[in-house]
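Just so it is clear, none of the values below were taken in a lab; they were calculated from the coordinates. Quick caveat: nothing in here was measured; it's all calculated off a predicted structure. Neighbour counts run over all protein chains shown; Cβ positions are idealised from the backbone, glycine included.
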Amino acid sequence: MAIVRPFKAIRPRVELAAQVAALPYDVYSREEAWEKVQGNPRSFLNIDRAETQFGSEVDTYADCVYEKARELLDGQIADGTYETEENACYYLYELVMNGRSQTGIVGCCSIDDYANNVIKKHENTRADKEKDRIRHVDTCSAQTGPIFLAYRRHEELSRLISEVKTTAPLYDFTADDGIIHRAWRISEADRQAVIGQAFAGMDSLYIADGHHRAASAVRVGQMRRAANPGYTGEEEFNYFLSVIFAEDELMIMDYNRVVADLNGFTEAEFMDKVSEVFDIALETETVHPAVKGQVGMYLGGKWYRLSAKASICSEDAVKGLDVSLLQDYVLMPVLGIMDPKIDKRIDFVGGIRGLSELERRVDEGMAVAFSMYPTSIGELFAVADAGLLMPPKSTWFEPKLRSGLFIHRI
């Protein structure tokens, strides 16, 4: 049984939504974030990355940075940039990229569902990355970046979503990257009941993206419980902001790899090693793997198509992932990359950047690049259901949810 409830959103005025909406805080370096906020005082990135309000001499994680985030948020609520919903609502949030639409339900999930594994994970989190968002959420007393969740298709919810989308949207704008964003408010009691009951009938929800944001929101809720031993469970700190999509709404893109050197092997020696576990075919064009078990490889200015030999394929939820086959049979034993989370010799390139980025990286000094067949949402569900973890950088979701459109005060 999953609990997803409506909430009194703090959200930008309709005419300001396009100015406010910002990509997630963690897609930018400090320098990129600073450049992005110049001339954009209403961009939520000013609040999400409040170190942009200071010179480089101020540490990103200094106390004054979190205090500035709270000051900016409270100030923009006071000056009317944001307004607070009078009644608790759900919302629909649609994103359209290159003509493809995906629509999720915006609501608040229970921190107990996270702790009890009703909300399932497929990644470990790092304490240092959690600490930053814990301080941001706690200092602002607000969850500002929604957690990206998925659920197995539900016909009644699909019908309701289609019905609501025939009405005029609350928000409708195109961001500077060409992504269309639309939102609808769901305030009707009967529709809210349908949504709440549908999720209550589900055994599981799945974190698609935002494991660190989820863990941080839950941790703050637990801290608030400890500080308020008489809590009832109804307080807003018991819930965290989410956008929840049906499995067939989502698109997972490839998450590709580039490696700095061949671990002492010549190109010919490296190819011999790879040929022990993959069949290799030279191609005349860039290689987008067409099926599971295929990997593209760019080496020495040439593209190759690698096809996994039957001897290394597996039905195991994790070992059978394409990213696992590459890690377990090439990156680790041949290239010596034992832990890709910390090894500086490997880098990861989201599929949104295209295969030309892989070519550029290798042509400018990296040794080899691998293009991956995208992990499927079914594979993500299987790993999470088994209580297992994916290798790092297994999934790249596009388009990215914008921060600042919906804020949940706790």
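Relative to the Cα centre, the charge distribution of the chain, modelled as +1 at Lys and Arg Cβ and -1 at Asp and Glu Cβ, gives a dipole magnitude of about 480 debye. Normalising the Debye intensity of the chain to I(0), with uniform scatterers on Cα atoms only, and taking log10 at q = 0.11 Å⁻¹ returns -0.87. Each of 330, 356, 266 was placed along the dipole of the stretch 250-379 (beta-carbon charges, centred on the mean Cα), and the one lying farthest toward the positive end is 356. Each Cα pair under 8 Å and six or more residues apart adds its sequence gap; the mean of these over the residue count of the stretch 255-373 is a relative contact order of 45 percent. In a DSSP loop and with at most 16 other Cβ atoms within 10 Å, the GluC sites (Glu not before Pro) in the stretch 302-410 are 315, 364. In the chain, the calculated helix contribution to ellipticity at 222 nm averages -8500 deg cm²/dmol per residue, counting -39,500 (n - 2.57) for every DSSP H run with n ≥ 4. Extending 7 Å from Cα along the Cβ direction at residue 175 and again at residue 87 yields two label points whose distance is 3.1 nm.
Take the Cα of residue 360, step 7 Å toward its Cβ, do the same at residue 344, and the gap between the two points is 2.3 nm. Counting charges near residue 123 (Lys, Arg +1; Asp, Glu -1) among other residues having Cβ under 14 Å from its Cβ returns a value of +3. Neighbour counts of C-beta atoms inside 10 Å place 170, 92 in the sequence 170, 92, starting with the fewest. Rounded, prolate or oblate: which fits the stretch 255-373, taking a ≥ b ≥ c as square roots of the Cα gyration tensor eigenvalues, rounded meaning a/c under 1.5, else prolate when a/b beats b/c? Rounded, since a/c falls under 1.5. Neighbours of residue 386, meaning other residues whose beta-carbon lies under 15 angstrom from its beta-carbon, give a summed charge of -3 when Lys and Arg score +1 and Asp and Glu score -1.
Residues of the stretch 98-118 falling in the label zone of residue 203, defined by backbone nitrogen less than 15 Å from a point 7 Å along Cα to beta-carbon, are 117-118.
In this Cβ point-charge picture (+1 for Lys and Arg, -1 for Asp and Glu), the stretch 155-296 has a dipole of about 840 debye about its Cα centre.
With all projection directions averaged, the alpha carbon convex hull of the stretch 6-59 covers 4.8 nm².
Which of the GluC sites (Glu not before Pro) found in the stretch 172-280 are in a DSSP loop and have at most 11 neighbouring Cβ atoms, other than their own, within 10 Å? Answer by residue number: 234.
Could you line up 338, 97, 297 from fewest to most neighbouring Cβ atoms inside 10 Å?
Starting with the residue having the fewest Cβ neighbours, the order is 338, 97, 297.
When 302, 400 are sorted by how many other C-beta atoms sit within 10 angstrom of their C-beta, beginning with the fewest, the order is 302, 400. In this structure, the pairs whose alpha-carbon distance is over 23 Å, taken from 129/393; 292/319; 131/341; 8/120; 165/292; 309/341, are 8/120; 165/292; 309/341. With contacts taken as Cα pairs under 8 Å and at least 6 residues apart, the chain reaches a relative contact order of 24 percent. Give me the net charge for the shell around residue 353: Cβ to Cβ below 12 angstrom, other residues only, Lys and Arg +1, Asp and Glu -1. So the surrounding residues net to -3. Among the GluC sites (Glu not before Pro) in the stretch 69-173, those placed in a DSSP loop whose Cβ has at most 16 other Cβ atoms within 10 Å are 85, 86.
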